[in-house]
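Here the structure comes first, spelled out in structure tokens, and everything after it is commentary.
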Amino acid sequence: MSEKRDTETGRCFVCKREFSYDPKEVTTFLIDPETGLPPGFSVLGTLRPAKPEAVARSTDQPLCPGCQARAEQYAEAMEAPPPRWESWPPTGQ
Ligand SMILES: [Zn+2]
């Protein structure tokens, strides 16, 4: 009996490294292809209201475990609550 795991290979949007992940468990971020950042983030790292068109053209990109750990450390260092990604509107709907 071979247990087939449902894994996919993708490219981390932060470090551009290819990695395998389980689509059901991987952390994904909505990324605006024009800026390479989540809609609402500026290149200066400041927050601004996400424009509907920016959200509409954005796609979910996987985040590798290494970058996820770094992002969590960064959030702790800033002593700020993590952004609530799930509150963003879904794409293409
Ligand atoms: Zn990464």
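Bear in mind that the values in this text are calculations on the coordinates, not laboratory data. Owing to the predicted nature of the structure, the values given are computational and were not obtained by experimental measurement. Neighbour counts run over all protein chains shown; Cβ positions are idealised from the backbone, glycine included.
As a rough footprinting exposure proxy, the listed residues Lys51, Lys16 were ranked by other beta carbons within 10 Å of their own, and the order from fewest upward is Lys16, Lys51. Exposure proxy for Leu37, Leu44: other Cβ atoms within 10 Å of each Cβ, ordered fewest to most, give Leu44, Leu37.
For the range 8-81, just say rounded, prolate or oblate: build the C-alpha gyration tensor, square-root its eigenvalues into a ≥ b ≥ c, call rounded for a/c under 1.5, and beyond that prolate if a/b exceeds b/c, oblate if not. Since a/c reaches 1.5 but b/c is at least a/b, the shape of the range 8-81 is classed as oblate.
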